[in-house]
Amino acid sequence: MSSAPLTPPGPMHDHRPDPVVSIDYEERARGLLPPHISAYIGAAAGSGGGSAEGTADWSAVRFRPRALQDLRTIDTRTTVLGTPVETPVLVAPMAQQLGAHPEGEAVMARAAAAAGSLLGVSTNVAVPFSTIAAAGAPWWFQVYVMRDHGLTELLVRRAVEHGARALLLTVDMVALLPATVNPRQWPEGPAKSRLTNLTAAELAAAGPGAVDMDAGISLATIGWLREMSGLPVLVKGVLRGDDAAACVDAGAAGVIVSTHGGRRLGPSVTAARALPEVVAAVGDAGEVYADSGLRSAEHVAAALALGARAVFVGRPALWALAADGETGVQTVLDGLTGELRQVMTQLGAPSLDRLTRDLVA
């Protein structure tokens with residue numbers, strides 16, 4: 001359970017577990033995966049510095065811990081758009097998981113369920129929605145709006161039929177990655193860019209370019225998705241307060257502050273720097289989430305204290321999937337949650353609602 005009594009200090013309990021990042025799943029995965037898949041997972045825009053800077057800025061947050069709090073029980077449970085979860089550490093939507101593991105998202109979904117977490121599912125998911133649903137984890141469907149809106153509508157309706165609880169409208173188009181890590185250039189061919197939940201006949205009828213991302217999406221797209229699906233819509237890839245406020249005004253249930261893991265634009269503002277402005281702009285009108293560069297429980301606590309409802313982790317889960325399958329992913333999620341309890345203890349915050357802005361220096 002994620003509401004756990006605190007182990008009293010003493011000689012047998014003074015050792016803090018190694019942080020999740022010290023579990024070198026990335027190194028192990030790189031030794032197992034074909035080079036082009038490792039390159040895809042690790043790639044960032046431009047010179048690649050944006051990804052490292054994103055992590056560094058989470059590490060730069062400094063705390064002002066509270067003293068003399070009742071810390072006998074530490075509770076990491078919360079709700080996300082009304083869905084209860086045992087942990088605020090959620091799994092980001094990621095494509096090409098079948099390249100990392102033979103069962104791809106099926107394994108990721110089972111690990112998320114076992115950890116009491118929630119799964120983001122990519123438009124380019126490599127397994128049927130029915131397989132995702134069978135794992136038992138709550139899941140949200142990430143939407144890239146295609147040039148052929150009919151194909152997008154087919155995908156969304158099928159996701160709804162199989163239990164998706166929200167849509168993640170992704171608005172930061174990934175156009176700056178080197179061609180060498182473009183899945184369409186992989187040795188296996190364009191099949192690695194997967195749209196499993198559309199039939200071959202549907203794709204053929206749509207014609208060339210139909211699945212390319214629509215560069216003409218706007219605030220009106222939020223309402224279109226919400227009305228068509230009946231689901232709440234989060235806008236993923238927001239880095240400005242004015243954009244966040246406009247999204248909520250247009251009907252979004254909230255936003256995800258994200259640089260796409262540093263894959264959007266190398267010199268863009270990091271998620272850690274953008275988060276306070278976005279939280280202030282949204283206020284109580286919606287929920288704010290964050291991803292990009294989070295690698296430790298201290299990072300998770302920083303994001304929550306700065307106003308995020310929960311966070312998404314991507315590469316740590318994907319490297320773990322490649323290195324150790326379901327066990328690896330669950331180890332990362334459970335490890336981050338367990339370490340978060342210890343960080344909360346040190347901060348004097350027995351529950352997530354006590355991780356507030358006054359804890360940040």
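Under 6 Å by Cβ, and 6 or more places apart or on different chains, what pairs join a residue from region 28-47 that is closer than 15 Å to Gly104 by Cβ with one that is at pLDDT below 85 and of a type in the set (A, V, I, L, M)?
Tyr40/Val181
Does Ser268 satisfy the criteria of being closer than 17 Å to Thr76 by Cβ, of a type in the set (S, T, N, Q), in contact (Cβ under 8 Å) with a residue 12 or more places away in the chain and surrounded by fewer than 22 Cβ atoms within 10 Å (Cβ to Cβ)? Show your work before the answer.
Values: closer than 17 Å to Thr76 by Cβ: no; of a type in the set (S, T, N, Q): yes; in contact (Cβ under 8 Å) with a residue 12 or more places away in the chain: yes; surrounded by fewer than 22 Cβ atoms within 10 Å (Cβ to Cβ): yes.
Criteria not met by Ser268.
Yes or no: region 237-252 includes at least one residue that is crowded, with 20+ Cβ neighbours inside 10 Å and in contact with a Phe, Trp or Tyr (Cβ under 8 Å, 6 or more places away or on another chain).
no
Going by the conditions given, is Asp75 modelled with pLDDT under 90, over 19 Å from the mean Cα position of the chain (by Cα), surrounded by fewer than 19 Cβ atoms within 10 Å (Cβ to Cβ) and among the acidic types (Asp, Glu)?
no
Take Ala113 and decide whether it is free of Cβ contacts under 8 Å to residues at least 40 places away in the same chain and either at positive phi or touching a helix residue (DSSP H, G or I) at 6+ places or on another chain (Cβ under 9 Å) (or both). Write out each step before concluding.
Working: free of Cβ contacts under 8 Å to residues at least 40 places away in the same chain: yes; either at positive phi or touching a helix residue (DSSP H, G or I) at 6+ places or on another chain (Cβ under 9 Å) (or both): yes.
Yes, satisfied.
Which one is nearest to Ala305 (Cα to Cα), of the residues in region 335-346 that are among the hydrophobic types (A, V, I, L, M, F, W, C) and in contact with a strand residue (DSSP E or B) (Cβ under 6 Å, 6 or more places away or on another chain)?
From region 335-346, those among the hydrophobic types (A, V, I, L, M, F, W, C) are 336, 340, 343-344; that's our starting set.
Those still in the list that are in contact with a strand residue (DSSP E or B) (Cβ under 6 Å, 6 or more places away or on another chain) too: 336, 344.
Values: Leu336: 16, Met344: 10 Å.
Result: Met344.
Given the residues Leu169, Leu155, Leu90, which is the only one that is over 19 Å from the mean Cα position of the chain (by Cα), at pLDDT 95 or above and not in a loop (DSSP other than H, G, I, E, B)?
On the way: Leu169 fails: over 19 Å from the mean Cα position of the chain (by Cα); Leu90 fails: over 19 Å from the mean Cα position of the chain (by Cα).
The conditions single out Leu155.
Would you pick out the residues in region 194-236 that are part of a loop (DSSP other than H, G, I, E, B) and surrounded by 14 or more Cβ atoms within 10 Å (Cβ to Cβ)?
Within region 194-236, the subset part of a loop (DSSP other than H, G, I, E, B) is 194-199, 207-212, 214-218, 230-232.
Residues satisfying the conditions are Arg194, Leu195, Thr196, Asn197, Leu198, Ala210, Val211, Asp214, Ile217, Leu231, Pro232.
I'm checking my understanding of the structure. Among residues of region 1-25 that are within 19 Å of the chain's Cα centre (by Cα) and closer than 22 Å to Ala290 by Cα, which one is modelled with the highest pLDDT?
Result: Val20.
I'm trying to understand the selection: among the residues of region 278-306, which are surrounded by fewer than 18 Cβ atoms within 10 Å (Cβ to Cβ) and not hydrophobic (A, V, I, L, M, F, W, C)?
Of all residues in region 278-306, those surrounded by fewer than 18 Cβ atoms within 10 Å (Cβ to Cβ) come to 280, 283-285.
Matches in region 278-306: Gly283, Asp284.
If you check Val143, Val121, Val160, which single one turns out to be of a type outside the set (S, T, N, Q), at pLDDT 95 or above and over 17 Å from Met94 (Cα atoms)?
Numbers: Val143 fails: over 17 Å from Met94 (Cα atoms); Val121 fails: over 17 Å from Met94 (Cα atoms).
Selected residue: Val160, the only one of Val143, Val121, Val160 that is of a type outside the set (S, T, N, Q), at pLDDT 95 or above and over 17 Å from Met94 (Cα atoms).
Just for strands (runs of 3 or more DSSP E) wholly inside region 251-340: which have at least 3 residues that are in contact with a helix residue (DSSP H, G or I) (Cβ under 9 Å, 6 or more places away or on another chain)? If you could, list the steps in order and put the result at the bottom.
Details: elements: 254-257, 287-290, 311-313.
Per the criteria, 254-257, 287-290.
Tally time: how many residues in region 351-361 are assigned to a loop (DSSP other than H, G, I, E, B) and surrounded by fewer than 20 Cβ atoms within 10 Å (Cβ to Cβ)?
Within region 351-361, residues that are assigned to a loop (DSSP other than H, G, I, E, B) and surrounded by fewer than 20 Cβ atoms within 10 Å (Cβ to Cβ) number 2.
Against the condition assigned to a helix (DSSP H, G or I) and modelled with pLDDT under 90, how does Ala191 come out, does it pass? Full working, then the answer.
Values: assigned to a helix (DSSP H, G or I): yes; modelled with pLDDT under 90: yes.
Taking the combined requirement at face value, the residue satisfies it.
Looking for something in a helix (DSSP H, G or I), under 17 Å from Arg295 (Cα atoms) and in contact (Cβ under 8 Å) with a residue 12 or more places away in the chain - is there at least one such residue anywhere in region 58-69?
Our first condition is that a residue be in a helix (DSSP H, G or I); within region 58-69, this holds for 58-59.
Now restrict to residues that are under 17 Å from Arg295 (Cα atoms): 58-59.
Applying the additional criterion that residues be in contact (Cβ under 8 Å) with a residue 12 or more places away in the chain yields 58-59.
The answer is yes; a qualifying residue exists.
The values are calculated or read from the model by the stated rules, or taken from the named source; none is laboratory data. The shown structure was predicted, so the numbers you read here are calculated from the model rather than taken from an experiment. Cβ: placed from backbone, ideal geometry, glycine included. Neighbour counts: every protein chain shown.
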